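The values are calculated or read from the model by the stated rules, or taken from the named source; none is laboratory data. Just so we're clear, the structure is a prediction, and the values are computed from it rather than from any experiment. Neighbour counts run over all protein chains shown; Cβ positions are idealised from the backbone, glycine included.
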Number of protein chains: 2
Amino acid sequence: MTAPALRDRESTYSAISMKEAEEIMQNIATKMTKHFETVDVNLSILGKVVATTVKSTENMPPARVSTKDGYAIIANDGKRNKLVIGVSLAGSVYDGVLQPGQCVRISTGGIVPEGSTAVVMVEHTICTKRTDGDEEDEIQLKDYISDGTNIREPGSEVRQGDVIVRSGAKIGSAELGILNAFGIKKVHVFKKPTVTIISTGNELVAPTTEYVPLGMVRDSNGPQLVALFKEYGFDVIDGGRVSDDFELIREKLEHHLKTSDIIVTTGGVSMGEKDNLKEVLKKLGMEIQFGRVMMKPGLPCTVATGRIKNADDVEPLLKTVLALPGNPASAWVCSHLFALPLLRKLSGYQRIHHTQIKVRLAENIKLGDRPEYVRAHLEDLDNEDFPIAHVTGNQISSNIGSLVGAMALLVLPKKENSDFIRKNELVKAMIL
Amino acid sequence: MTAPALRDRESTYSAISMKEAEEIMQNIATKMTKHFETVDVNLSILGKVVATTVKSTENMPPARVSTKDGYAIIANDGKRNKLVIGVSLAGSVYDGVLQPGQCVRISTGGIVPEGSTAVVMVEHTICTKRTDGDEEDEIQLKDYISDGTNIREPGSEVRQGDVIVRSGAKIGSAELGILNAFGIKKVHVFKKPTVTIISTGNELVAPTTEYVPLGMVRDSNGPQLVALFKEYGFDVIDGGRVSDDFELIREKLEHHLKTSDIIVTTGGVSMGEKDNLKEVLKKLGMEIQFGRVMMKPGLPCTVATGRIKNADDVEPLLKTVLALPGNPASAWVCSHLFALPLLRKLSGYQRIHHTQIKVRLAENIKLGDRPEYVRAHLEDLDNEDFPIAHVTGNQISSNIGSLVGAMALLVLPKKENSDFIRKNELVKAMIL
C-alpha cells in the first residue's frame with residue numbers, strides 16, 4: 001500500500017459514461033468463452049438457453065384428428081340422418097371405412113376414420129333412434145356442414161422437420177412442454193456461468209451477529225447479492241467475507257477465479273486508504289477495463305478482466321471481476337446494470353438487459369450531476385396507459401431501505417436545464 | 001356414466017363471463033385458509049411473503065458515520081490548515097475528541113469522532129506537511145465546507161422501531177439484504193400452498209415414449225404445468241396420469257386432495273362421452289363453481305371447491321380443483337388466468353395478477369365470438385413508447401407451438417363492430 005501522504009488525492013480513473021461502460025461490458029461478454037452441455041429434458045433445464053435448434057421428427061397431429069366432441073361424417077353425402085356405426089375416442093381408434101349415410105361417434109382428439117370428411121359437434125345433432133341398451137343407432141344433423149369442419153389435418157400444427165424450439169430460446173414451461181410433446185429426450189444448451197460473491201471490509205461481521213461493536217457493520221451485501229443472482233436463476237457461490245488485507249484479498253480472488261467465470265466483490269474501490277481492490281486486480285495480472293462510471297449510485301464501480309487458468313482447462317480463460325462499491329444500494333444497482341447482463345449473455349440469452357418501459361412519475365424528482373438509477377415501486381391503474389412510479393424512500397447509496405419494494409429502476413438523466421423532473425412526466429424504467 | 005343416447009347433447013353449464021369467473025376465483029381465494037410459518041432468514045425464504053411486519057431494533061447508521069473518504073474536521077473553526085491527529089476507518093474507531101485546527105483521517109463508513117462537525121473529501125485537500133515515515137502531519141482545505149457535510153446522522157436512514165419489511169412484502173434479494181443488515185434471524189411468513197398436477201385421458205402415454213401408437217399422444221400437459229408453477233415459485237406435486245375411468249380419477253383426486261390445497265387437472269371437461277371430470281367432482285362432494293367460461297382458449301374450464309379433511313387437520317379445509325381442458329394452449333392459458341392468481345393470493349401476494357401494460361400490434365388480428373387471450377412475443381424499440389406485439393403462430397387451442405416464445409397474453413375483446421383489430425392499435429397485454 002502507498003503511504004497516506006504519498007497516495008493519489010484524486011482518483012486516477014476517469015469516470016466514463018454509462019454508454020461507454022455498457023459497450024465495454026458488451027465487448028467483454030463477446031470475448032468470454034461460452035460453455036455448452038447436452039442435458040436430459042426435465043425440470044432442471046428450466047431457464048437454460050437452447051444452443052442447437054430442435055426440429056420435429058413427427059407430424060403434429062400425426063393423423064387426422066377431431067377438434068370437437070361429435071360425429072365423424074361424410075359432409076356431402078346429402079343425408080341428414082346418419083347411422084352410428086362405431087366409436088372413435090381419444091386413445092381408441094375406429095379402423096373401418098365410413099360409407100355415405102354412416103357416422104362414427106368421435107371425441108376431441110380422436111382419429112377421424114377413413115372416408116369421413118368432417119366432424120359435426122354433438123350440440124348440432126339429435127339422437128333419432130337408439131337400441132334397447134341405450135346405445136345410439138341414428139342421429140340427425142340440425143344443419144349441413146362443409147368438408148373439413150372440425151378436423152385437424154396431419155402436420156397442420158407442426159410438420160416433420162419444422163423447428164420446434166429455436167437456438168437462442170430460453171426454456172420455460174412452454175418450451176419444456178413442446179419438447180415433451182415430441183418425445184425429445186436430450187437438448188444441447190448453453191451451460192450457465194458460475195458467479196462468486198465476496199464481501200470485503202475490515203468493518204464486516206456476520207449478519208447473524210447479535211450485538212455489533214461500534215464501527216462494525218453486519219455484511220448484508222454478501223447474502224443480498226447471492227440472493228439476487230439466485231433469483232435470476234444463476235449458479236452462485238458464496239465466497240464469504242475478507243478483511244481489507246491486500247494479500248488475503250489476493251488469495252481469495254485467486255482461489256475463486258479458478259472455479260468461477262465471474263466474481264462480484266463489494267467494497268474497497270473508493271478513495272479510502274484501505275481501498276485496494278484495484279491494486280489487487282492489477283497484481284493478479286488483470287486489466288482494469290474501467291474504474292469509475294459517471295452514474296449514481298455506484299460511481300467507483302470497477303471492472304477488470306484477465307486470462308486465468310482453470311484447474312481443468314488447458315487454455316487459460318478470460319475471467320471478469322466486477323468490483324462494486326460497498327454501499328448496499330450501489331452494489332445492488334450495479335449488479336443489475338453490469339453483472340446480470342453479462343451473466344445472461346454468457347448463458348446464451350438474446351435479451352440481456354431488463355425490459356424497459358415508460359412510466360409516469362407520481363412526484364417531482366430532483367436531478368443530480370450524474371445520471372441516476374432511482375428505485376421505484378410501480379402502480380397499475382386501469383384507466384392509465386402507463387404505470388405510475390413512486391420512489392422508494394431516500395436514495396442515498398448507503399440506504400439499503402431504498403431497495404425494499406423496488407420493482408423498477410427509473411433511468412433519470414443528469415441535471416441540465418431544469419433541476420427537477422416533474423410529476424406526471426414520462427421516464428424510462430427498467431423492470432426488475 | 002350416462003349411456004351415449006341418454007346423455008346431454010348440450011353443456012348444462014352456461015358459459016359465464018371472465019369478469020364473473022374472476023370474481024368467483026377472488027371469492028374462493030378469500031375463503032380458503034391461509035397458512036403461516038416462522039422461518040429462518042436464509043436463501044430458502046426468497047419468494048415468500050412476510051405475514052408480520054418486521055421493525056428495526058437499531059438505528060441505521062448506529063452512530064455518525066462518514067459518507068466519503070476524507071477528513072473529519074470542525075467546519076467552522078476558521079482554520080484552513082488542519083493537524084492530522086488520528087485515523088478513523090471502517091472497522092477501527094478513533095476515540096479521541098477533536099479540537100479546533102485538528103482533523104482525523106476517515107474512510108467511507110468510518111465513525112465520525114466526537115467534536116467533529118463535517119467531513120471534507122480527500123479530493124478537496126492538499127497534504128501540506130508529512131512525517132519522515134510518509135505519514136500525514138497537516139492538510140489544507142481547498143475550500144471551506146459547511147457543518148454536516150458528508151455525515152450520516154444516527155438513525156437518518158432507519159430509526160429504531162421503524163418498519164423495515166412490511167407485512168405483505170414479497171421477500172426478494174433487497175428484503176433479504178435488509179433483514180440481514182439488521183440481524184433479523186426469523187420472520188413470520190405465509191406458507192406457500194401446495195398444488196398437484198394430474199393429466200387425465202385414455203390416450204396419454206409417457207412423454208418419453210419413442211413410438212406413439214395411432215390415436216395416442218404423449219402427455220405434455222403434465223410436465224408443462226409442473227414447470228409453469230415451479231417457474232413461478234410454487235411447490236408442485238406431479239400427480240402423473242390417469243385414464244378416463246370414473247373410479248380411478250375419483251381415487252386419485254381423493255388421495256391428492258388430502259395433501260394439496262389446489263389440484264389442477266387437464267382433460268375430461270368437454271362434451272365427449274369420456275369427459276367425466278365434473279361428475280367425479282360432484283361425487284367427491286365438491287361444488288362446481290363454474291363449468292364453462294366465455295373466453296378462448298379454454299371454454300370448458302371448470303372450477304370446483306369442497307371442504308376436505310386433511311390427514312392431520314381437525315377441521316376440514318376448503319380445497320379447490322381447477323379442471324382445465326386437455327388442449328395444451330387452453331391448459332396453459334387457464335393456468336395463468338385462474339390458477340396462478342389463486343396460488344399467489346394464498347401465498348399472501350398483494351398483486352395476484354400478471355402486470356398489464358399496453359402494447360402496439362405488429363399485425364391485424366381477427367377477432368372471434370369470445371374474448372381471446374392471444375400469445376405474443378414483445379419487441380422493445382428505442383423510439384417507441386409501447387412494446388410491439390407479434391403473435392406466436394396459429395392460435396388454435398391444440399397448438400402447443402403457440403406457447404413457445406410467448407412473453408405476453410394479449411387481452412382481445414370479442415368481435416363487435418369490426419372483425420379485426422388493426423395493426424398499430426394499442427391493446428392490453430398481460431406480461432408473463
Q: Could you identify the single residue in A:Asn276, A:Asn221 that is farther than 23 Å from A:Asn399 by Cβ, in contact with a helix residue (DSSP H, G or I) (Cβ under 6 Å, 6 or more places away or on another chain), within 14 Å of chain B (Cβ to nearest Cβ) and crowded, with 16+ Cβ neighbours inside 10 Å?
A: A:Asn276
Q) With respect to B:Ser270, is the statement that it is touching a residue at least 40 places away in the same chain (Cβ under 8 Å), under 29 Å from B:Asp8 (Cα atoms) and within 8 Å of chain A (Cβ to nearest Cβ) true? A) yes
Q) Checking B:Glu315 against (1) more than 25 Å from B:Glu203 (Cβ to Cβ); (2) of a type outside the set (Lys, Arg); (3) in contact (Cβ under 8 Å) with a residue 24 or more places away in the chain, which single condition isn't satisfied? A) (3)
Q: Being free of Cβ contacts under 8 Å to residues at least 12 places away in the same chain and of a type in the set (Lys, Arg) is the filter here, so list the residues in segment B:215-254 that pass it.
A: B:Lys230
(Q) Tally up the residues in segment A:136-156 that are in contact with a helix residue (DSSP H, G or I) (Cβ under 6 Å, 6 or more places away or on another chain) and in contact (Cβ under 8 Å) with a residue 40 or more places away in the chain, please. (A) 1
(Q) Only one of B:Glu203, B:Glu210 is buried (at least 24 other Cβ atoms within 10 Å of the Cβ), farther than 30 Å from A:Val205 by Cα, facing another protein chain (nearest Cβ under 8 Å) and among the charged types (D, E, K, R). Can you tell me which? (A) B:Glu203
Q: State which residue is farthest from the other protein chains (Cβ to nearest Cβ) when the search covers only segment A:225-245 and only residues that are more than 19 Å from the chain's Cα centre (by Cα) and on the phi < 0 side of the Ramachandran plot.
A: A:Gly239
**Q.** Odd one out for A:Ala362 among (1) surrounded by fewer than 24 Cβ atoms within 10 Å (Cβ to Cβ); (2) at positive phi
**A.** (2)
Q | Residues satisfying the stated conditions in segment B:351-383, i.e. farther than 30 Å from B:Ile171 by Cβ and outside any strand (DSSP E or B) | A | B:Ala362, B:Glu363, B:Asn364, B:Leu367, B:Gly368, B:Asp369, B:Arg370, B:Pro371, B:Leu381, B:Asp382, B:Asn383
Q: Scan segment B:295-311 residue by residue and report those that are farther than 12 Å from B:Ile16 by Cα, polar (S, T, N, Q) and at pLDDT 95 or above.
A: B:Thr305
Q. Do we have any residue at all in segment B:250-270 that's among the basic types (Lys, Arg) and modelled with pLDDT of 95 or more?
A. yes
Q.
For segment A:15-55, which positions are among the charged types (D, E, K, R) and buried (at least 17 other Cβ atoms within 10 Å of the Cβ)?
A. A:Lys48
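Look at segment B:190-200 and say how many of its residues are buried (at least 24 other Cβ atoms within 10 Å of the Cβ) and either over 22 Å from the mean Cα position of the chain (by Cα) or more than 15 Å from B:Gly326 (Cα to Cα) (or both).
Selection size over segment B:190-200: 5.
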**Q.** Residue satisfying all of: in segment A:305-340; over 25 Å from the mean Cα position of the chain (by Cα) and within 18 Å of A:Asn276 (Cβ to Cβ); surrounded by the most Cβ atoms within 10 Å (Cβ to Cβ) among these
**A.** A:Gly326
Q. Does any residue in segment A:159-172 that is within 15 Å of B:Asn399 (Cα to Cα) come within less than 8 Å, Cβ to Cβ, of a residue that is surrounded by 14 or more Cβ atoms within 10 Å (Cβ to Cβ) and of a type in the set (Lys, Arg) six or more places away or on a different chain, and which pairs are these?
A. A:Asp162/A:Lys55; A:Val163/A:Lys55; A:Ile164/A:Lys55
Q. What number of residues in segment B:138-178 are aliphatic (A, V, I, L, M) and surrounded by fewer than 16 Cβ atoms within 10 Å (Cβ to Cβ)?
A. 1
Q) With (1) under 27 Å from A:Ile151 (Cβ atoms); (2) away from chain A (no Cβ under 14 Å); (3) surrounded by fewer than 18 Cβ atoms within 10 Å (Cβ to Cβ) as the list, and B:Arg422 as the residue in question, which single condition is left unmet? A) (1)
Q) Within the bounds of segment A:56-74, is there any residue that is surrounded by fewer than 17 Cβ atoms within 10 Å (Cβ to Cβ), farther than 30 Å from A:Ser260 by Cα and in contact with a strand residue (DSSP E or B) (Cβ under 6 Å, 6 or more places away or on another chain)? A) yes
